[in-house]
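The values are calculated or read from the model by the stated rules, or taken from the named source; none is laboratory data. What you are looking at is a predicted structure, and each value in this text was computed from that prediction instead of being measured. Here Cβ is always computed from backbone atoms with ideal geometry, including for glycine, and neighbour counts include all displayed protein chains.
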Amino acid sequence: MARGATLFQNVRIFDGKSDALSAPSDVLVKSNVIERVSASPITLDTKTDVRVIAGDGRVLMPGLIDAHWHAFMAATPQLLLMTADPSYLHLLAARQAEATLMRGFTTVRDLGGPVFGLKRAIDEGVMIGPRIYPSGAFISQTSGHGDFRFAFEVPRTLGGPLSHSEVEGIAAIADSPDEVRLRAREQLRQGASQIKLMAGGGVASPYNPIESTQFTEPEIRAAVEAADNWGTYVTVHAYTPRAIRQAVAAGVKGIEHGQLIDEPTAKLLAEKDIWWSLQPLLDDEDVPALSPESRKKASVVFAGTDYAYELAKKYKIKTAFGSDVLFDARIAGRQGAILAKMVRWYTPAEALKMATADNGELMALSGFINPYPGKLGVVEEGALADLLLVDGNPLENVRLVEDPDKNFLVIMKDGTIYKNALPK
Ligand SMILES: [Zn+2]
């Protein structure tokens, strides 16, 4: 797994941006950076120690980026998360991080959960997994989408003891601008690359209607100021026009979900250059087991998905791909299949561009605290070397990403090869 230098010979490149493959090319990676991309063969000094990968005309593309992931919670059932020994849960998360990388996702933006330790272990090479842009605990008001306390844990006296999910760093419950500021700064102190707030009702949380607007503008603004002073931004969970508008007025730079948006609010996102991190949520095989109450809320969201993508396209809103899988190992295993669903609204090239170059641009929004400075999501000289060698052309058949075990022959992250299934 040593980094060194790698030469990909005779590959056709999907560079993350273009809607067509390149002519047969060679790509030279040195250390963790793409050093050269050349349409004519790259010849090497015989003395240099370079690993050569014969692409045989196969497709080389950027590693995939999931802009809405929960490394701690994607594959573990909710009841276990609320009751099991945290050290056990962290080991499960580490196992899932390796599976995530092996699905070709070389970067994830983590929008809630205790992943600072996991990120560190991966970055140090102790564990295997994707680059993680962590948010740390998501910040929620009392009774908001991040309030998963049991019924008997309320009332809490001001300044009283923290609930289990707060102690573990999953959620932070805050009920004033001062509390939000404190919690936001605590996440930044631990290494959050962006801050995540719950700004409106959610599906899986029991104590809030989906129509609810959460926090007040001054509360959200407190987080925005804390993030902005650290060079980064706030993104919010919000579905409804009212929740989205309040958050935008407070200065957030991202909206997560937003399936219940209306046309004027979509226009506002375009005008304000806000990133819209949308999930292809449909009433299909990727719906987790839900309580009857949550199920009712979910169908309202599913009904909005088609229109949301239609508006995102109509107003050319900066749109990110994120899967937002929670509590289910089977569905987490379908991360690539969730991406492939995007062809309901986009061409394969557009969908793959969103999950590579576009999401890479979104990651860079974390400014001077970006944990992985450098270009992500593109195959070009000078970019970070996160690469997939695909057996087939994903621009013709995006469903290749559904079966990474079979179709991703080489997986490279940061110049290191984690998988090489090419015949020796
Ligand atoms: Zn989420």
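Among the candidates Ser87, Ser165, Ser143, the residue that is surrounded by 15 or more Cβ atoms within 10 Å (Cβ to Cβ), of a type in the set (S, T, N, Q) and over 28 Å from Leu365 (Cβ atoms) is uniquely Ser143. Mind counting the residues in region 56-68 that are more than 16 Å from the ligand (Cβ to nearest atom) and crowded, with 24+ Cβ neighbours inside 10 Å? Here the count works out to 5.
Looking at Ile338, is it surrounded by fewer than 21 Cβ atoms within 10 Å (Cβ to Cβ), within 16 Å of the ligand (Cβ to nearest atom) and assigned to a helix (DSSP H, G or I)? When the stated conditions are applied, Ile338 does not pass them. Can you find a residue in region 179-196 that is in contact with an Asp or Glu (Cβ under 7 Å, 6 or more places away or on another chain) and either buried (at least 21 other Cβ atoms within 10 Å of the Cβ) or closer than 30 Å to Arg295 by Cα (or both)? For region 179-196, residues in contact with an Asp or Glu (Cβ under 7 Å, 6 or more places away or on another chain) and either buried (at least 21 other Cβ atoms within 10 Å of the Cβ) or closer than 30 Å to Arg295 by Cα (or both): present. Would a scan of region 69-86 turn up a residue that is more than 16 Å from the ligand (Cβ to nearest atom) and under 27 Å from Ile13 (Cβ atoms)? Within region 69-86, not a single residue is more than 16 Å from the ligand (Cβ to nearest atom) and under 27 Å from Ile13 (Cβ atoms). Could you say whether any residue in region 138-149 is farther than 18 Å from Phe72 by Cβ, small (Gly, Ala, Ser) and within 15 Å of the ligand (Cβ to nearest atom)? Scanning region 138-149 turns up at least one residue that is farther than 18 Å from Phe72 by Cβ, small (Gly, Ala, Ser) and within 15 Å of the ligand (Cβ to nearest atom).
Listed here are the residues, each with its yes/no results for (1) among the β-branched types (Val, Ile, Thr); (2) under 21 Å from the mean Cα position of the chain (by Cα); (3) modelled with pLDDT of 95 or more; (4) surrounded by fewer than 22 Cβ atoms within 10 Å (Cβ to Cβ).
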| position | (1), (2), (3), (4) |
| --- | --- |
| His237 | no, yes, yes, no |
| Thr240 | yes, no, yes, no |
| Arg245 | no, no, yes, yes |
| Glu256 | no, yes, yes, no |
| Lys272 | no, no, yes, yes |
| Ser277 | no, yes, yes, no |
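Within region 147-178, the set of residues being touching a residue at least 40 places away in the same chain (Cβ under 8 Å), in a helix (DSSP H, G or I) and not polar (S, T, N, Q) comprises His164, Pro177, Asp178. The single condition among (1) without any contact (Cβ under 8 Å) to a residue 12 or more places away in the chain; (2) farther than 28 Å from Val401 by Cα that Glu186 does not satisfy is (1). Taking each residue of region 214-238 that is in contact (Cβ under 8 Å) with a residue 24 or more places away in the chain and looking for partners that are acidic (Asp, Glu) and within 16 Å of the ligand (Cβ to nearest atom) with beta-carbon atoms closer than 9 Å, six or more apart or interchain, yields Thr235/Glu256; Val236/Glu256; His237/Glu256; Ala238/Glu256.
If you check Leu282, Leu326 for being assigned to a loop (DSSP other than H, G, I, E, B), buried (at least 16 other Cβ atoms within 10 Å of the Cβ), of a type in the set (A, V, I, L, M, F, W, C) and within 17 Å of the chain's Cα centre (by Cα), only one passes: Leu326.
Here's a check for you: in region 69-80, which residue that is farther than 15 Å from Ile331 by Cβ and surrounded by fewer than 22 Cβ atoms within 10 Å (Cβ to Cβ) is modelled with the highest pLDDT?
Across region 69-80, the extreme among qualifying residues is Leu80.
Considering only region 370-390, I want to know if a residue exists there that is part of a helix (DSSP H, G or I) and more than 16 Å from the ligand (Cβ to nearest atom).
no
The single condition from (1) in a helix (DSSP H, G or I); (2) more than 25 Å from Ser205 (Cβ to Cβ); (3) not basic (Lys, Arg) that Tyr346 fails is (1). Figure legend. Inter-residue proximity from region 319-345: first residues acidic (Asp, Glu), second residues within 16 Å of the ligand (Cβ to nearest atom), beta-carbon distance below 6 Å, spacing 6+ or different chains. Indicated pairs: Asp324/His68; Asp324/Gln279; Asp328/Pro288. Restricting attention to region 113-137, and to residues there that are more than 17 Å from Gly169 (Cα to Cα) and among the charged types (D, E, K, R), which single residue is farthest from the ligand (Cβ to nearest atom)? For region 113-137, the residue satisfying everything is Glu124. Scanning region 309-333 for residues that are within 16 Å of the ligand (Cβ to nearest atom) and closer than 14 Å to Tyr346 by Cβ gives Ala320, Phe321.
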